[in-house]
1. Within the set of pairs 6 or more residues apart or between chains, which connect a residue that is at pLDDT below 90 and part of a loop (DSSP other than H, G, I, E, B) inside segment 77-93 to a residue that is surrounded by 10 or more Cβ atoms within 10 Å (Cβ to Cβ) and small (Gly, Ala, Ser) with Cβ atoms less than 9 Å apart?
2. Can you pull out every residue in segment 22-46 that is at pLDDT below 85 and under 31 Å from the mean Cα position of the chain (by Cα)?
3. Run residue 25 past the list (1) exposed (fewer than 10 other Cβ atoms within 10 Å of the Cβ); (2) part of a loop (DSSP other than H, G, I, E, B); (3) out of contact with any strand residue (DSSP E or B) (no Cβ under 7 Å at 6 or more places or on another chain) and report the number of the one that doesn't hold.
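The values are calculated or read from the model by the stated rules, or taken from the named source; none is laboratory data. All values reported here derive from a predicted model rather than from experimental measurement. Ideal geometry is used to build each Cβ from the backbone, glycine not excepted, and the neighbour counts take in all protein chains shown.
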Amino acid sequence: MKTKSFLILLFISFIAISSYFYLSYSKQKDIIYLTETVKRQDLQRSVIATGTIRAYNRVEVGAQVSGKIEKMHVTLGQEIQRGDLIAEIDSTT
């Protein structure tokens, strides 16, 4: 009789402990969402890389007269258009 009571008590304890762990771990955790307000802005596209770059077109620039350059109107690497003044030449020398 003692063995039968002990087994029933052990079985009930097992069911109680199993139910406790099942219910405590099966509750759905609150999901946290990160949100951001939508705002209109310009997008910037950039690439970080290493290597060698080459010009698509290369143009030799020359002058019709010779002399010393008196004033430069552009800087190295600056984009220019046809007809832009690049430099002034002192033609008296």
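1. 91/67; 92/67; 93/67
2. Step one: of segment 22-46, the residues at pLDDT below 85 are 22-32.
Hits for segment 22-46 are 30, 31, 32.
3. Among (1) exposed (fewer than 10 other Cβ atoms within 10 Å of the Cβ); (2) part of a loop (DSSP other than H, G, I, E, B); (3) out of contact with any strand residue (DSSP E or B) (no Cβ under 7 Å at 6 or more places or on another chain), residue 25 violates only (2).
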